[in-house]
Structure formats: structure tokens, C-alpha cells
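Structure first, then comments.
The values are calculated or read from the model by the stated rules, or taken from the named source; none is laboratory data. These numbers were taken from a predicted model, which means no experiment stands behind them. For neighbour counting, all protein chains shown are included, and Cβ atoms are generated from backbone atoms with ideal geometry for every residue, glycine included.
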Amino acid sequence: MAKIKQTQYGVGMIEVLVTLFILSVGLLGVAYLQFVGSFTNSEALSRSQSVLVAQQLTERLRANATFSAVGNGLIVDNTYFDSDIYNFATLSCSSGLPHECYCLERPSDIPNCNTTSCSQAEVAEFDGYEVSCSAVAANPDLEISLSCEDNNNGDTAACSVGSKHVVKLTWPVENWQNIDRTLNSDCNTDKTTPHDCVMIEVTL
């Protein structure tokens, strides 16, 4: 009787290894995209939150502005341009995140202008504290500042009528895959590490 030659069908080891290799490369690509996506999402979140905080400060400036005695327009109290009222500069924290340390309960050094009558300087100090809390609630590393491009140095106002108020929020950033960033010099004044920032300019 003649023997019938049987042919074996199925998947060999080489095919399995090739399939696993292709699948691994694909999964690595997906993982890389996820990592890049989370990195860029974090950057975008910091930027959008910074814009909201900056807008909050500009709204507070408008709310506390008064008519100037020497010009036709609005000015704010000079205290707004004191850097010590921002970023809890005059407060101390023993431990914990900035928001937990300073903002869960209002420090006694900060006037409570929500319930009591405050002077313009006290309102400015209160506003500085409030926006600082908003900043660190969004990102513990955010720092806020307010400056003025004063168009009249001859009066007593730190920011004269028609001058440009500049609200700036900065936060530290990391280089991606050891590729140096192109840094904005406006964001890195007096900074030793790379920072990004959001700036809003407003004239009252």
C-alpha cells in the first residue's frame, strides 16, 4: 500500500516571532504618542490656567480703579505694583503645597475685604493674595507679577493714566529629549532655569 504524504499546516515559530516584533513596535509607538500627548497637554493646561488667572487680576484692577486727579482716566493704587503682595512673599510656610499652606485659611496678615471695609491699599493687598491663591491652585509653580509701562514719571501714580499694565504669569518648563527650547527672554528675566509665561497687557 502506498503511503500518503501528509503536509502540516499551521504557524511556525518564525512567524510568531515576526508577529510579536511588529506588535511590539506598534505598541511602543502608541506608548510614545501617549507620553507626548500628556506632556503637551500639561503645557497647554498651564497656559490656559495662567490666562484665566491673569484675566482675573485685570478684572480686579478695573474694579478697584479710581479717576485720576491729574488726568482724564483711571488709575489703581500704587500698592498693586508692590511685588511683596504676590506669591505670598511676606508669608512663611513650614510644609505642604502653597495652596494648602496659605489659601485653605486666610492668614491673619491679609485683610478680609469680603466682609469688612478696606482702603484701596488694603484691597490691593487682598487682591494680590487672592490671585496668588488662584495661581497656585492651578499650578503650584505659577508665579504672578504686575508691572507698568508708565508714561508719566512726573506724577505720584506708579501707573499713570493711559499707561500699560502688564500682568505676567511664569512657570518652569523642561527640555524635551535634551533638545534646548527657544526661550522667550520676557519669561526668563532673573530666572536660572527655563521658564514659559503668559502676559496680558491692559490699559484702564
message: So, in segment 124-143, how many residues would count as being β-branched (Val, Ile, Thr) and at pLDDT 95 or above?
response: 1
- prompt: For segment 114-142, which residues satisfy the criterion of being under 13 Å from Leu57 (Cβ atoms) and not in a helix (DSSP H, G or I)?
  reply: Leu142
- prompt: Residues in segment 141-155: is at least one in contact (Cβ under 8 Å) with a residue 12 or more places away in the chain, buried (at least 19 other Cβ atoms within 10 Å of the Cβ) and more than 30 Å from Ser68 (Cα to Cα)?
  reply: yes
field: Subset of segment 74-122 [over 15 Å from Ser145 (Cα atoms), of a type in the set (Ser, Thr, Tyr) and surrounded by fewer than 16 Cβ atoms within 10 Å (Cβ to Cβ)]
entry: Ser92, Ser94, Ser95, Ser108, Thr115, Thr116, Ser117, Ser119
- prompt: Name the pairs: first residue in segment 57-79 and at pLDDT 95 or above and among the β-branched types (Val, Ile, Thr), second residue part of a helix (DSSP H, G or I) and surrounded by fewer than 17 Cβ atoms within 10 Å (Cβ to Cβ), Cβ to Cβ under 7 Å, at least 6 apart or on different chains?
  reply: Thr79/Ala121
statement: When Leu104 is run through (1) within 21 Å of the chain's Cα centre (by Cα); (2) in contact (Cβ under 8 Å) with a residue 24 or more places away in the chain, the failure sits at (2)
